[in-house]
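Working notes, structure below.
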Amino acid sequence: MVCIENGSLVCVKKGANLIRNGEVVAFPTETVYGLGADAFNVEAVNSIFRLKGRPADNPLIVHIDSLEWTKFLYKEIPPWANKMMQMLWPGPLSIILPACSCVPSVVRGGLPTVAVRMPAHPYALKLIKYAGTPIAAPSANLSGKPSPTSARHVFEDFGEDVFIIDGGAVAVGVESTVVDATSIPLKIYRLGAVTPEDIESVTGKPVEIHVKPRDGRPLSPGHAYRHYAPSKPLYVFRDEKTFLEFVRERNPIVIAPQKYHWVSDRFISLGSSPVDAASLLYMALRDADKMEGDIIAAIMVEPVGVGLAVNERMSRAATYILGGE
Ligand code: TXA
Ligand code: MG
């Protein structure tokens, strides 16, 4: 069921009770909605994988409300990781470090490391606090589908099977930046609203971006799977000329920044900045699937700040990527 939170925290308290009883609860974070369970309850975490249809080797992010929990999740915390926690949490950044042996293997997808983040959302923080335990949570979508940026999206994927805390539309709209902080250089496995420059300036350490499998070998299990994909074929364009030609010839559903509103009468806007595009992209992909039309065309946004993450998600959702750099 969808429980609409109006600030009274009634839904959050109900959700926390369910988590304590080993059940799964969908909740809002600042990035996307999460599908959470008690991170130390193996059975509960198994239910997340079952519900999502998620491959067992793809690890989950553990959400915390206080730095105290890091001692119970990580084996050791190097000084550069400590700086990120102090300066960038709560926020859209998941930090990978060697895991404490008490973190169940199912949470880690069998890896020796664990990803942890402190979300910047009042309901998420209260949910963890009232549950009294860290919450393991992937995005609250069926595996392969676009991540949910509203409670309605979660309901579309799971219906009545899951208790959903409705906290309205999320702020950021793309998932957290994932950084591997086990060694220097730091490695970014997923781009997000916390940028490589933010991490470099906070830690004073070099940062490498590894968002694609190298030589076919994924560094992060998440790289092995197609993501965020609508059901209809999605053509993603790198440049305007090729994009406009394609739209003229094929008359697709169009997902693009507002300035292109004139190109099609089946137009879904990505707003007027990379920040707008991040908050609108997943809803746009879901809405395009529901519209009349067989194919979708989208054009990449300005590759600055969170725009890099938007373009990466578009590429991973794409059936075809076309046009020049
Ligand atoms: O913003 C977010 O991060 C959202 C909200 C709910 O917090 N969560 C989310 O989780 O996007 P999920 O499960 O959809 O994505 C987690 C990503 C996956 O690509 C996974 O492979 C990677 O993080 N990951 C998690 N633990 C890892 C580890 N120990 N080593 C390498 N990659 C890891
Ligand atoms: Mg996900």
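The values are calculated or read from the model by the stated rules, or taken from the named source; none is laboratory data. Every value quoted in this text rests on a predicted model; they were computed, and no experiment measured them. Note that each Cβ is placed from the backbone with ideal geometry, even for glycine, and that neighbours are counted across all protein chains shown.
Where strands (runs of 3 or more DSSP E) fall wholly inside the stretch 1-108, the ranges with 2 or more residues that are out of contact with any Asp or Glu (no Cβ under 6 Å at 6 or more places or on another chain) and away from ligand 2 (no atom under 16 Å from the Cβ) are 93-98. Within the stretch 143-193, the set of residues being farther than 11 Å from residue 31 by Cα and of a type in the set (A, V, I, L, M) comprises 151, 154, 162, 164, 165, 178, 179, 181, 184, 186, 188, 191.
For the stretch 284-304, a residue qualifies if it is crowded, with 19+ Cβ neighbours inside 10 Å and either farther than 24 Å from residue 142 by Cα or in contact (Cβ under 8 Å) with a residue 60 or more places away in the chain (or both), and the qualifying residues are 285, 286, 296, 297, 298, 299, 300, 301. The criterion of being charged (D, E, K, R), over 19 Å from residue 16 (Cβ atoms) and surrounded by fewer than 24 Cβ atoms within 10 Å (Cβ to Cβ) does not hold for residue 175.
Would you check which residues across the stretch 1-60 are more than 17 Å from the chain's Cα centre (by Cα) and acidic (Asp, Glu) and list them? Once the filter is applied, which keeps residues that are more than 17 Å from the chain's Cα centre (by Cα) and acidic (Asp, Glu), the stretch 1-60 yields 5, 23, 38, 43, 57.
Listed by first and then second residue, the pairs with beta-carbon distance under 7 Å, at least 6 apart or on different chains, first residue in the stretch 3-18 and in contact (Cβ under 8 Å) with a residue 40 or more places away in the chain, second assigned to a loop (DSSP other than H, G, I, E, B), are 5/167; 11/5; 12/5. Filter the stretch 152-178 down to the residues that are part of a strand (DSSP E or B) and within 10 Å of ligand 1 (Cβ to nearest atom), then identify the one that is nearest to residue 91 (Cα to Cα). Within the stretch 152-178, the match that is nearest to residue 91 (Cα to Cα) is 177. Apart from one condition, residue 149 fits all of (1) within 15 Å of the chain's Cα centre (by Cα); (2) away from ligand 1 (no atom under 15 Å from the Cβ); (3) of a type in the set (Ser, Thr, Tyr); the exception is (2). Filtering the stretch 126-146 to residues that are more than 9 Å from ligand 1 (Cβ to nearest atom), assigned to a loop (DSSP other than H, G, I, E, B) and closer than 17 Å to residue 23 by Cβ leaves 132, 133, 134. Do we have any residue at all in the stretch 11-21 that's under 23 Å from residue 100 (Cα atoms) and surrounded by 18 or more Cβ atoms within 10 Å (Cβ to Cβ)? Yes - at least one qualifying residue is present in the stretch 11-21.
Just one of the listed residues (178, 202, 194) is β-branched (Val, Ile, Thr) and within 16 Å of ligand 2 (Cβ to nearest atom), and it is 178. Looking at 192, 167, just one residue is at negative phi, modelled with pLDDT of 95 or more and in contact with a Phe, Trp or Tyr (Cβ under 9 Å, 6 or more places away or on another chain), and that residue is 167. Taking the stated definitions as given, is residue 171 closer than 23 Å to residue 77 by Cβ and touching a residue at least 60 places away in the same chain (Cβ under 8 Å)? Answer is no for this residue.
Looking only at residues that are over 23 Å from residue 150 (Cβ atoms) and of a type in the set (Lys, Arg) in the stretch 1-58, which one is nearest to ligand 1 (Cβ to nearest atom)? In this case the residue turns out to be 50.
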